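A short write-up of the structure that comes next.
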Amino acid sequence: MSDYIYSLESHLTAGQNGIVAHWQAAATAANQNLYLAGGAMRDLLGGLPTRDLDFTLEGNPLKMAAEIAGNLNGRIVSQDDHRRVVEMIFPGGITVQAAMARQERYAKTGAKPQVTPSSIHDDLRRRDFTIDAIALALNRGAKGLLIDPANGLADLANRELRTTNSYALYDDPSRLLRLIRLKHRLQFTVQERTAQQFQNALDENLHRFITQASLLEEFRHIADEPSPSEILRDLESSGLLALFSKALAGPKLNLAAVTKLERLKKSLPLGGPGWLEGWRSFLNVVTEKLSPREKTELHEALGISKQDVESAKKVPVQAKKLETSLKSATLRKPSQIYQLLAHAAPDEILYTLYESQQRLVQDRIRNYIQKYLPMAQEITDAEVVAAGGAPGSPKFEKIRENLIVNRLNARPKKVEPEPIMEVPALSAPRGRPARQA
Ligand code: CTP
């Protein structure tokens, strides 16, 4: 087995490996070449957790994606028929992007590109940064072969962001935003020539061509990053934050609040990367100082749907309710706290922690996350089956819940005290003991 395939298999979760195997089988059956590329390869080679599985096919992935989604209980979240790119989500929150290997020719900045099918090599050369332009062959003949035409491996080792070609930022100015986001996420420096290209693009005001869809996608990504406050600061100093909201680019940018939220999020294993709901609490916090009108302007600039705006507005309301329930004196048993929080959205728990000044509320949430949740996760399927739950039956989850409640409420076993060891007496000091400072 090639070293890269071995690294891939040990790097991915069991669920992600299962999905790779299904794509391999489908590509073999369709006689198409399949590659893992983009962010998935960057994260694999950089030793970072894999966020999405990015597949590239020398062929059309759309039909294959629909079949795989059907077989594995997945869902197609978006589909771009022009570029032949499909985004999917599978049980367990595993996200997948599958794309046709293609060339994109831009008549001018911001124009819709002319898309033509291409080889994987040409596809990699039209990408944004060299570290995103590495592919691993997954098809039988070449399995394990690494394709790295822009020498992204060297840039990964030097921890540098470098564009694959001098037009990369001109062709697609949304890459200006990606550059700032990736720089902070990876803690990489920007290579000198790329930094110059970035500045030239800003001087030429190319960011005016960034589409609304790209702005919204970036906003959601920023919310999910480990350090959104650093990204926002950098966006502001480069003048790009005003694209999202003019009101936000100035004293109304509450970086202290965003930092508080990101610290809380880091301390809570509520959801990892790709935790799609995370943007709702971020939206509330980042716009805290804006007037209602300025908030609406931001929603419109990003094209956030009415439904999503309403959903985000509910977070503080639900968090207030959750805080009231968590303060209740009737809530005594660990199982009651568990049941209350297990049914709350992670985003609402996070926002409750962010807003609540009550020690009791803070402690109960931390107990839930640090003690009750791990104890509940210890109940295995085998235990549920042994207690009479047939897998897949409605009774199965009910029985699991009962087992969890019993385990959480069981009094901790009395621990027999350790026998006291005889400690040889120290010889008593002569004279008066020294006065304690
Ligand atoms: N890409 C690009 N130009 C863009 C967006 C994406 O060249 N404006 C390419 C990059 O090679 C990228 C790949 O398409 O790695 C997949 O894009 P996407 O999934 O959006 O980003 P990731 O790099 O996977 O980053 P993230 O971890 O933030 O999802």
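The values are calculated or read from the model by the stated rules, or taken from the named source; none is laboratory data. No experiment lies behind these values; they were computed from the predicted model shown. Note: ideal-geometry Cβ built from the backbone for every residue, glycine included; neighbour counts use all protein chains shown. Areas reflect the complete protein model, heavy atoms only, side chains present, ligands, DNA and RNA absent. Shrake-Rupley method; radii C 1.70, N 1.55, O 1.52, S 1.80 Å.
Tell me, yes or no, whether the range 96-117 has at least one residue that is under 22 Å from the mean Cα position of the chain (by Cα), over 15 Å from Gln16 (Cα atoms) and either crowded, with 18+ Cβ neighbours inside 10 Å or not aromatic (Phe, Trp, Tyr) (or both). It would help to see each step written out before you state the result.
Taking the range 96-117 as the starting set, the residues that turn out to be under 22 Å from the mean Cα position of the chain (by Cα) are 96-99.
Then drop every residue that is not over 15 Å from Gln16 (Cα atoms), which leaves 99.
In the following step, the residues that additionally are either crowded, with 18+ Cβ neighbours inside 10 Å or not aromatic (Phe, Trp, Tyr) (or both) were identified as 99.
Within the range 96-117 (the criterion being under 22 Å from the mean Cα position of the chain (by Cα), over 15 Å from Gln16 (Cα atoms) and either crowded, with 18+ Cβ neighbours inside 10 Å or not aromatic (Phe, Trp, Tyr) (or both)), the answer is yes, since at least one residue qualifies.
If you take the residues in the range 321-362 that are open to solvent by 20 Å² or more (accessible area, probe 1.4 Å) and among the hydroxyl-bearing types (Ser, Thr, Tyr), which one is nearest to the chain's Cα centre (by Cα)? Here the answer is Tyr338.
Can you confirm whether the range 331-345 contains a residue that is closer than 24 Å to Val285 by Cα, in a helix (DSSP H, G or I) and not hydrophobic (A, V, I, L, M, F, W, C)? Taking every residue of the range 331-345 in turn, none turns out to be closer than 24 Å to Val285 by Cα, in a helix (DSSP H, G or I) and not hydrophobic (A, V, I, L, M, F, W, C).
Among the residues in the range 166-178, are any at positive phi, away from the ligand (no atom under 13 Å from the Cβ) and either among the hydroxyl-bearing types (Ser, Thr, Tyr) or surrounded by fewer than 20 Cβ atoms within 10 Å (Cβ to Cβ) (or both)? No, there is no match, as no residue in the range 166-178 is at positive phi, away from the ligand (no atom under 13 Å from the Cβ) and either among the hydroxyl-bearing types (Ser, Thr, Tyr) or surrounded by fewer than 20 Cβ atoms within 10 Å (Cβ to Cβ) (or both). Do you know which residues across the range 29-52 are loosely packed, with under 14 Cβ neighbours inside 10 Å and over 18 Å from the mean Cα position of the chain (by Cα)? Hits for the range 29-52 are Ala29, Asn31. Filter the range 113-124 down to residues that are assigned to a loop (DSSP other than H, G, I, E, B) and either within 12 Å of Ser2 (Cα to Cα) or touching a strand residue (DSSP E or B) at 6+ places or on another chain (Cβ under 8 Å) (or both) and give me whichever is nearest to the ligand (Cβ to nearest atom). The qualifying residue nearest to the ligand (Cβ to nearest atom) is Pro113.
Looking at the range 125-136, is at least one residue away from the ligand (no atom under 12 Å from the Cβ) and open to solvent by less than 40 Å² (accessible area, probe 1.4 Å)? Yes; the residues of the range 125-136 include at least one that is away from the ligand (no atom under 12 Å from the Cβ) and open to solvent by less than 40 Å² (accessible area, probe 1.4 Å).
Taking the range 193-205, which residues are assigned to a helix (DSSP H, G or I) and either surrounded by fewer than 19 Cβ atoms within 10 Å (Cβ to Cβ) or in contact with an Asp or Glu (Cβ under 7 Å, 6 or more places away or on another chain) (or both)?
Taking the range 193-205 first, the residues assigned to a helix (DSSP H, G or I) are 193-203.
Passing the criteria: Arg193, Ala195, Gln196, Gln199, Asn200, Leu202, Asp203.
Residues that are away from the ligand (no atom under 14 Å from the Cβ) and among the β-branched types (Val, Ile, Thr) number at least 2 in the following helices (runs of 4 or more DSSP H) confined to the range 1-105: 14-29.
Out of the range 151-165, which residues are open to solvent by 20 Å² or more (accessible area, probe 1.4 Å) and not polar (S, T, N, Q)? If you could, list the steps in order and put the result at the bottom.
Looking only at the range 151-165, we keep the residues that are open to solvent by 20 Å² or more (accessible area, probe 1.4 Å), and these are 151, 153-154, 156-160, 162, 164-165.
Hits for the range 151-165 are Leu153, Ala154, Leu156, Ala157, Arg159, Glu160, Arg162.
Restrict the check to the range 65-82 and report whether at least one residue is surrounded by fewer than 18 Cβ atoms within 10 Å (Cβ to Cβ) and closer than 21 Å to Asn165 by Cβ. No: zero hits. Quick check on my filter: what residues within the range 375-401 are open to solvent by less than 50 Å² (accessible area, probe 1.4 Å), touching a Leu at 6+ places or on another chain (Cβ under 9 Å) and part of a helix (DSSP H, G or I)? Passing the criteria: Ala376, Val384.
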